[in-house]
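The structure appears below as structure tokens.
The values are calculated or read from the model by the stated rules, or taken from the named source; none is laboratory data. The model shown is predicted, which means the values in this text are computed figures rather than measured ones. When we count neighbours, we look across all protein chains shown, and the Cβ atoms used for this are built from the backbone with ideal geometry, even at glycine.
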Ligand code: NAD
């Protein structure tokens, strides 16, 4: 019997894991995030399963190891929230490298269309029987240039979707794909030539605040910025400033650098402490979804089956194909 303690579990996690599990697993779902204060709940479990906003730092790793936890199973692809260097040799880490890249790429396009065709405004208007079209003018995607940063699983699907709309695609990747028909350019060319910029690279020391004062300076006036990857790829204060100065035409954010304090929770009726997030949300040309891009039936089922498969393989074969191996700078 593999005993797994889940942290930051939501109704949709519980439903998808319960409907994909077998008798070999004992699952316990905790609503709380995994922190130094809550790590004690993992006592007696072989595996701890976490999501994107659980911070697995040195203290948490020490506590889990001291309590006999043998495996950290991320039910997500990104692992920037784990101190991998410290975990190395103490607590093996496995992840779900791909659950539905389509879900994320399609959400990016949904955000883009919503924003530039003012659907978020029109929806509210017609609900109130206001059928005026004033200030709802958008622009065609056809013929526009989109700059894609990161051409992995999600970036490539997004590129294909954009091609379907007749857009010109420019791309940048630290490790460009060989034998592909993707037109790679420098990062500076992405900033200078794109009408729309979409981020699909991981968050690393190198990509932290890749959208900053200097890169925004190089961008076209009116550029639309999409981020469905990780919040800290963008310096949020620079984004806010760029929108106020009318340099940035719109922003579509599924992620936000300080999201761990707010996303996945209901704060309606509360006072939000984060002034940058509150101001961003107040702009008519900013759309925020709360790390929702992955949330499709298909992705949830894949997350559950891959996570349970990772646990089983780790304990039966003493290895896991989806182990996150620590490499300096990964
Ligand atoms: P992937 O590993 O398939 O692709 C990432 C690409 O980024 C690779 O081609 C890699 O070479 C490139 N890259 C690495 N370092 C780079 C750098 N410094 N500059 C530019 N490119 C660089 O990953 P993926 O499955 O396509 O996912 C991309 C990101 O999407 C993940 O890292 C994760 O942060 C995010 N994500 C978000 C959600 C969501 O719900 N919003 C869900 C899944 C993944």
- Item | In region 191-239, residue surrounded by the fewest Cβ atoms within 10 Å (Cβ to Cβ) [restricted to those that are in a helix (DSSP H, G or I) and in contact with a strand residue (DSSP E or B) (Cβ under 8 Å, 6 or more places away or on another chain)] | 193
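Okay, residues lined up against (1) loosely packed, with under 14 Cβ neighbours inside 10 Å; (2) over 19 Å from residue 11 (Cβ atoms); (3) touching a residue at least 24 places away in the same chain (Cβ under 8 Å):
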position: 277; (1), (2), (3): no, yes, yes
position: 292; (1), (2), (3): no, no, yes
position: 295; (1), (2), (3): no, no, yes
position: 304; (1), (2), (3): no, no, yes
position: 316; (1), (2), (3): yes, yes, no
- Options 66, 105, 110; residue that is modelled with pLDDT of 95 or more and buried (at least 21 other Cβ atoms within 10 Å of the Cβ): 105
- Query: Could we say that residue 188 is within 16 Å of the ligand (Cβ to nearest atom) and assigned to a loop (DSSP other than H, G, I, E, B) here?
  - Reply: no
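Of all residues in region 272-292, count the ones that are in contact with a helix residue (DSSP H, G or I) (Cβ under 9 Å, 6 or more places away or on another chain) and either more than 15 Å from residue 228 (Cα to Cα) or in a helix (DSSP H, G or I) (or both).
Qualifying residue count for the region: 10.
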- Message: Please verify whether residue 129 is farther than 20 Å from residue 168 by Cβ and out of contact with any strand residue (DSSP E or B) (no Cβ under 8 Å at 6 or more places or on another chain), treating the condition exactly as stated.
- Response: yes
- Task: Just give me the residues in region 77-102 being modelled with pLDDT under 95 and in contact with a strand residue (DSSP E or B) (Cβ under 8 Å, 6 or more places away or on another chain), in sequence order.
- Result: 79, 81
- The condition of being in contact (Cβ under 8 Å) with a residue 60 or more places away in the chain and on the phi > 0 side of the Ramachandran plot holds, among 46, 8, only for 8
- Scanning for something outside any loop (DSSP other than H, G, I, E, B), in contact with a helix residue (DSSP H, G or I) (Cβ under 6 Å, 6 or more places away or on another chain) and within 15 Å of the ligand (Cβ to nearest atom), does region 176-184 turn up at least one residue? no
- Item | Check on residue 78, part of a loop (DSSP other than H, G, I, E, B), within 23 Å of the chain's Cα centre (by Cα) and either away from the ligand (no atom under 16 Å from the Cβ) or in contact (Cβ under 8 Å) with a residue 24 or more places away in the chain (or both) | yes
- Kindly indicate whether residue 154 is surrounded by 23 or more Cβ atoms within 10 Å (Cβ to Cβ), assigned by TED's automatic domain parsing to the domain that holds residue 111 and either closer than 23 Å to residue 260 by Cβ or at pLDDT below 95 (or both). yes
